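Undergrad: One structure, as structure tokens, below. Some questions next.
The values are calculated or read from the model by the stated rules, or taken from the named source; none is laboratory data. Keep in mind the model is a prediction, meaning the values are calculated, not measured. Cβ placement follows ideal geometry from the backbone for every residue including glycine, while neighbour counts extend to all protein chains displayed. When the accessible area is computed, the model is the full protein with side chains, heavy atoms only, and any ligands, DNA or RNA have been set aside. Shrake-Rupley method; radii C 1.70, N 1.55, O 1.52, S 1.80 Å.
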Amino acid sequence: MWTASVSLRAAIGLVAVAWVAGWPGGLSFAQETPSAQQIWTVPEIGALPNNANGRLVRRGRDLITATYAYIGPEVADRAKRFAGNNLACGNCHLQAGTKKFGIPLFGLFGEFPRYSARSGAQMTIEDRLNSCMTRSMNGRALPVGAPEMQAMVAYIKFLSTGVAPGQLLPGMGTGKMPELDCPADPVRGERGYANACLTCHGPNGAGIRRSLPTTDLGYMVPPLWGSDSFNDGAGMARLIAAANFIHFNMPHGVDYLNPQLSPEQAWDIAAYVISQPRPHKAGLDKDFPDPLEKPVDTPYGPYADGFSEQQHKYGPFAPIRAAIAKLKAEQKGTSAR
């Protein structure tokens, strides 16, 4: 009995230590001093006082989870119609931006301003939010001084409470699964979509509205393509982001500890989704002034590497990366002379 209890306590301790280390990814051991095991957790918004800052942060969270209700295309005040679709930021930034590998918003505040290869210039956190507004939300930019912008920035800042400058938290982005050594297949992906996604997102990818389309109540399940979805300049319109997001978060309720779709299934389903029609963003040819800084899965040109738009869209990406690395090395050698 004593041995079993000790083993159980040891197992619990190992799990706790693994979580501290950012499982999966490495283990630290119980011999470390408590001060060496710095545990960061998402701050609790419910503990904020009912003062001006607390109300601002809560409004920022509400804007993330119900964007359509405050700045969507069907709100009563036409001047507030900044989003061009009825999505919510929380459709991509899951659990109000707090889910690991669900494109979380925690820990981001201290990363800005930073250089953006897409714009070729320094980007503030407000610029980054407006990139989402004009791409994922298929709308128009919020003024920096708008109360909605200030609220969302305050929320992201709150989610970064206790994160040291330069500290990399586990669970950022969409995760990273193995890539295919062949193109992802939209045809196979259509079959995978029918098996794993159709029940919620529908046969035409239109999702499920909470109410009639004449209201501003948004979606219970978001559309994946069509006129009310993200446009072709959004990050989720790129295969690598979409495939990893699907693998680590879908079907609904899945997380990175227990994925249900294999990497191959996720790549193919993502290929099917991004192959479908969606709004077009004007001026995409102006993105990435230095084409060698363009992500390999950017599905629109111009390109500097000689590969087709089809391969940039569906892969495989290793040959593209090798060509870009060679071009950069040649460019560096030329400039050095």
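Undergrad: Can you tell me which condition Gly226 does not meet? The list is (1) surrounded by 13 or more Cβ atoms within 10 Å (Cβ to Cβ); (2) outside any loop (DSSP other than H, G, I, E, B), and all the others hold.
TA: (2)
Undergrad: What's the total number of residues in the stretch 194-208 that are in contact (Cβ under 8 Å) with a residue 24 or more places away in the chain and either open to solvent by 40 Å² or more (accessible area, probe 1.4 Å) or within 17 Å of Lys313 (Cβ to Cβ) (or both)? Before you say what the answer is, go through the steps one by one.
TA: Looking only at the stretch 194-208, we keep the residues that are in contact (Cβ under 8 Å) with a residue 24 or more places away in the chain, and these are 196-197, 200, 205.
Now narrow it down to the ones that are either open to solvent by 40 Å² or more (accessible area, probe 1.4 Å) or within 17 Å of Lys313 (Cβ to Cβ) (or both): 200.
Within the stretch 194-208, residues that are in contact (Cβ under 8 Å) with a residue 24 or more places away in the chain and either open to solvent by 40 Å² or more (accessible area, probe 1.4 Å) or within 17 Å of Lys313 (Cβ to Cβ) (or both) number 1.
Undergrad: Here's a follow-up. Within the stretch 171-193, which residues are buried (at least 18 other Cβ atoms within 10 Å of the Cβ) and under 30 Å from Gly54 (Cα atoms)?
TA: Once the filter is applied, which keeps residues that are buried (at least 18 other Cβ atoms within 10 Å of the Cβ) and under 30 Å from Gly54 (Cα atoms), the stretch 171-193 yields Gly171, Thr174.
Undergrad: Please go through the stretch 81-105 and give me each residue that is surrounded by fewer than 24 Cβ atoms within 10 Å (Cβ to Cβ), polar (S, T, N, Q) and part of a loop (DSSP other than H, G, I, E, B), ordered by number.
TA: Thr98
Undergrad: Given the conditions (1) part of a loop (DSSP other than H, G, I, E, B); (2) within 16 Å of Gly90 (Cβ to Cβ), and given that Gly173 satisfies all but one, which numbered condition is not satisfied?
TA: Every condition holds for Gly173 apart from (2).
Undergrad: Only one of these conditions is not met by Cys182: (1) assigned to a loop (DSSP other than H, G, I, E, B); (2) hydrophobic (A, V, I, L, M, F, W, C); (3) within 14 Å of Leu261 (Cβ to Cβ). Which number is it?
TA: (3)
Undergrad: Can you name every residue in the stretch 243-263 that is surrounded by fewer than 19 Cβ atoms within 10 Å (Cβ to Cβ) and part of a helix (DSSP H, G or I)?
TA: Pro263
Undergrad: Where the second residue is outside any loop (DSSP other than H, G, I, E, B) and basic (Lys, Arg) and the first is within 27 Å of Asn85 (Cα to Cα) and lies in the stretch 279-307, which pairs have Cβ atoms under 8 Å and are six or more apart or on separate chains?
TA: Asp297/Lys313; Pro299/Lys313
Undergrad: Output the residues belonging to the stretch 158-170 that are more than 22 Å from Asn244 (Cα to Cα) and buried (at least 17 other Cβ atoms within 10 Å of the Cβ). Full working, then the answer.
TA: Initially, the stretch 158-170 is screened for residues more than 22 Å from Asn244 (Cα to Cα), giving 158-167.
Hits for the stretch 158-170 are Phe158, Leu159, Ser160, Val163.
Undergrad: A follow-up question, please. Within the stretch 303-318, is there a residue that is under 26 Å from Thr67 (Cβ atoms) and in contact with a Leu (Cβ under 7 Å, 6 or more places away or on another chain)?
TA: Here is the first cut: in the stretch 303-318, the ones under 26 Å from Thr67 (Cβ atoms) are none.
No, the stretch 303-318 contains no residue that is under 26 Å from Thr67 (Cβ atoms) and in contact with a Leu (Cβ under 7 Å, 6 or more places away or on another chain).
Undergrad: Let me ask something else. I'd like to know if the stretch 48-62 contains one or more residues that are open to solvent by less than 60 Å² (accessible area, probe 1.4 Å), of a type in the set (Val, Ile, Thr) and at pLDDT 95 or above.
TA: yes
Undergrad: Sticking with this structure for a sec: Look through Gly72, Gly145, Gly60, Gly84 and report the one residue that is over 17 Å from the mean Cα position of the chain (by Cα), of a type in the set (Gly, Ala, Ser) and more than 30 Å from His201 (Cα to Cα). Spell out how you get there, then give the answer.
TA: Details: Gly72 fails: more than 30 Å from His201 (Cα to Cα); Gly60 fails: more than 30 Å from His201 (Cα to Cα); Gly84 fails: more than 30 Å from His201 (Cα to Cα).
Answer to the check: Gly145.
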